[in-house]
Structure formats: structure tokens, C-alpha cells
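Remarks on the structure that follows.
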Amino acid sequence: HLHWIGGGMMKVEDIGRINVPIVWTLHDNWPFTGGCHIMWDCVKYMDHCGACPCLGSKKDNDLSRKVFNRKKRVFSKVTNITIVGVSKWITKCSENSMLLGNKKHVTIPNPLDTNVYKPLDKKNTRTLLKLPLNKKIVLFGANNSSSDINKGFSKLRDAINLIDIDNIELVVFGASKPDSDQGFKFKTHYLGHINNDNSLAKIYSAADVMVVPSLQESFGQTAAE
């Protein structure tokens with residue numbers, strides 16, 4: 001069962017050496033593109049990659065085309081594989097792709113443990129987190145929430161600074177307090193990286209509203225939570 005295999009975990013060719021049935025759960029666009037994890041508005045993966053906008057390339061035979069062709073050679077020989085999309089959207093993208101379009105596809109959304117992710121007492125959770133009881137709490141968070149451009153940190157800043165009331169504080173998880181001012185006009189609490197579901201559930205319950213300004217998501221885990 002493959003999930004996200006980037007970061008040097010394995011080569012494309014290694015997939016072709018697996019001699020048992022494969023289930024591959026898609027968490028981004030990389031498996032069916034020439035290399036990008038987030039394809040934005042590009043649809044070249046439907047035919048072939050090349051002149052890749054992520055690379056700023058104007059050449060058809062660029063790195064994205066070469067990676068695409070590597071995957072094409074390998075995937076054409078891999079027959080005992082099922083592709084799992086965590087949303088209908090990413091399943092449809094994969095089904096429309098040149099690389100994986102002829103494979104079996106199913107959609108299985110990410111599950112949540114509703115014994116953990118459930119409403120908790122707001123006063124208690126705010127007291128535990130040392131957040132004010134008399135403010136409206138706006139929550140934002142994701143892995144690398146302030147540095148990953150796809151998570152929409154700058155969009156959040158532009159939007160929240162348009163609010164013309166003072167009774168607001170912002171809470172950010174998934175990022176530590178930056179060294180420089182981020183330009184928020186409201187007091188901002190940085191909770192750092194959260195490593196367990198129970199703590200995360202308490203943070204959600206302490207907030208009045210959760211903002212998810214991501215530019216593209218395969219599922220949108222924080223929205224579901």
C-alpha cells in the first residue's frame with residue numbers, strides 16, 4: 001500500500017519491481033504528473049508534460065517530460081494496481097491522466113475518529129490553551145502552515161486584515177512564531193506543530209471559526225476535522 005513516496009523514498013522504477021498487488025492512495029498530483037505535487041491550473045498531465053509552468057520552462061523536452069516518460073514506461077508494465085483517490089476530484093484527475101487513466105480507480109475519503117474529533121467545552125479548552133475567553137478566536141492551521149504557499153497564509157492575512165472589529169485574535173497551528181512581523185493587525189498566537197489528535201481536537205473546539213484558504217487540496221483534512 002503506497003501513499004506519499006516523495007523525498008527520496010523510492011525511485012519510479014522501484015514500483016515496477018513490486019511483485020504483489022499494489023494499492024496506491026493519492027495525496028497529491030505527483031503520481032500522474034511529470035513531477036509536480038500541485039498542478040494548479042495545468043492540464044498537460046492529461047496528454048504529456050513538457051514546457052512545465054512549475055519549472056518556468058518553455059522547452060517541451062524538459063525535466064517534466066523526461067520524468068513523465070519514465071513513469072509511462074514503468075506504469076505500462078504495472079497491471080495489478082488499484083488507485084485510490086481521497087476525494088472525487090483527485091480520482092477524476094487521475095482517471096483523466098495519460099499515466100494512470102487505464103488503471104482501476106476507487107474513491108475512499110480520509111476517515112476521522114469522531115470519538116476524538118467532536119465538540120468540547122469551549123471555556124475549558126481555552127483555559128487549557130491560555131486563550132482569552134472574551135475574544136472571537138479565528139483558527140488557521142496545516143503542516144508548515146505559514147511557509148507552504150499552497151496553504152494560503154498570505155490570503156488569510158489579506159482577508160483578516162479587512163475585518164474592522166477589534167474583538168478578534170488569531171490562532172495558528174503547524175508553524176512556530178516567525179522571527180519577523182507577518183503583518184496581522186490582530187494579536188496572533190502560534191501553537192507550533194501539533195503531534196496528536198486529542199490536542200488538535202481541543203484547539204478546534206477553542207475556536208469560533210476555522211479558516212481554510214488553501215489554493216488546492218486533494219482532500220482538505222483540517223476542514224473535515
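The values are calculated or read from the model by the stated rules, or taken from the named source; none is laboratory data. Not measured: the values here are computed from a predicted model. With ideal geometry, Cβ positions are generated from the backbone for all residues, glycine too; neighbour counts draw on all protein chains shown. Just the protein is used for accessible areas: all its heavy atoms, side chains included, with ligands, DNA and RNA removed. Shrake-Rupley method; radii C 1.70, N 1.55, O 1.52, S 1.80 Å.
Rg and Dmax of segment 75-225, both derived from C-alpha coordinates alone, stand at 18.8, 61 Å.
Positive contributions from Lys and Arg (+1) and negative ones from Asp and Glu (-1), summed over other residues with Cβ under 14 Å from the Cβ of Leu191, come out at +4.
For segment 146-175 versus segment 45-64, the spacing of their alpha-carbon centroids is 33 Å.
Between Phe186, Cys52, Val211, whose Cα lies farthest towards the positive end of the dipole of the chain when Lys and Arg beta carbons carry +1 and Asp and Glu beta carbons carry -1, centred on the Cα centre? Farthest towards the positive pole: Cys52. Across segment 147-155, coupling constants 3J(HN,Hα) worked out from phi with the 6.51/-1.76/1.60 Karplus curve, θ = phi - 60°, read 10, 7, 4, 5, 7, x, 4, 5, 5 Hz, and Gly and Pro carry x.
Since only Ile81, Val106, Asn124 are under comparison, the one whose Cα sits farthest along the positive direction of the charge dipole of segment 36-127, derived from C-beta charges on Lys, Arg, Asp and Glu, is Ile81. Per the Debye formula on identical point scatterers at the alpha carbon atoms of segment 52-125, with no solvent, log10 I(q)/I(0) at q = 0.14 Å⁻¹ is -0.66.
Between amide H atoms placed 1.01 Å from N, distances below 5 Å from Gly152 occur with Leu215, all of them 5 or more places distant or on a separate chain.
When only C-alpha pairs under 8 Å and at least 6 residues apart count, what is the relative contact order of the chain, in percent? It would help to have the intermediate numbers written out before the result.
Details: 357 pairs, mean separation 41.8, N = 225.
With pairs under 8 Å counted, the relative contact order is 19 percent.
Axis of helix 197-206 versus longest Cα principal axis of the chain: the two differ by about 50°, to the nearest ten degrees.
A simple count of charges around Lys77, restricted to other residues whose Cβ falls under 13 Å of its Cβ and scoring Lys, Arg +1 and Asp, Glu -1, yields +4. A 29 angstrom limit on the alpha carbon distance is what I want to check against. Which of Lys130/Lys155; Lys11/Lys59; Lys72/Lys92; Lys88/Lys136; Lys59/Lys88; Lys58/Lys151 exceed it? Lys88/Lys136; Lys59/Lys88, as the Cα separations exceed 29 Å there. Backbone N atoms of segment 199-223 closer than 18 Å to the 7 Å Cα→Cβ label point of Thr114 belong to residues 201-202, 205, 221-223. Could you work out the local net charge near Ala51, counting Lys and Arg as +1, Asp and Glu as -1, over the other residues with Cβ closer than 13 Å to its Cβ? My count for the surroundings of Ala51 gives +2. Give me the angle, in degrees from 0 to 90, between the Cα long axis of helix 63-75 and the longest principal axis of the Cα atoms of the chain, rounded to the nearest 10. So the inclination is approximately 70 degrees. Residues in segment 96-225 average 58 Å² of solvent-accessible surface per residue, probe 1.4 Å, ligands and nucleic acids excluded. Dipole magnitude for the chain: computed about the Cα centre from +1 point charges on Lys and Arg Cβ and -1 point charges on Asp and Glu Cβ, it is near 520 debye.
Once you wrap a convex hull around the alpha carbon atoms of segment 30-85, what is its projected area averaged over all directions, in nm²?
Working: hull surface 16.2 nm².
Result: a mean projected hull area of 4.0 nm².
If you roll a 1.4 angstrom probe over the protein chains with everything in place, what fraction of the accessible area of the chain belongs to carbon and sulfur, to the nearest %?
The nonpolar share, carbon plus sulfur, comes to 51 percent.
Let me know the whole percent of all Cα-Cα pairs from segment 136-202 that are separated by more than 13 Å.
Numbers: 1415 of 2211 pairs.
So the portion of pairs separated by more than 13 Å is 64 percent.
Run the helix sum for the chain: -39,500 (n - 2.57) per DSSP H stretch of 4+ residues, divided by residue count, reported at 222 nm to the nearest 500 deg cm²/dmol. Before the final figure, lay out each step's value.
Details: 7 runs with 55 residues, N = 225.
That comes out to -6500 deg cm²/dmol.
Computed from backbone phi, the HN-Hα couplings of segment 219-225 come to 9, x, 4, 5, 5, 5, 4 Hz, rounded to whole numbers (Karplus: 6.51 cos²θ - 1.76 cosθ + 1.60, θ = phi - 60°; Gly and Pro given as x).
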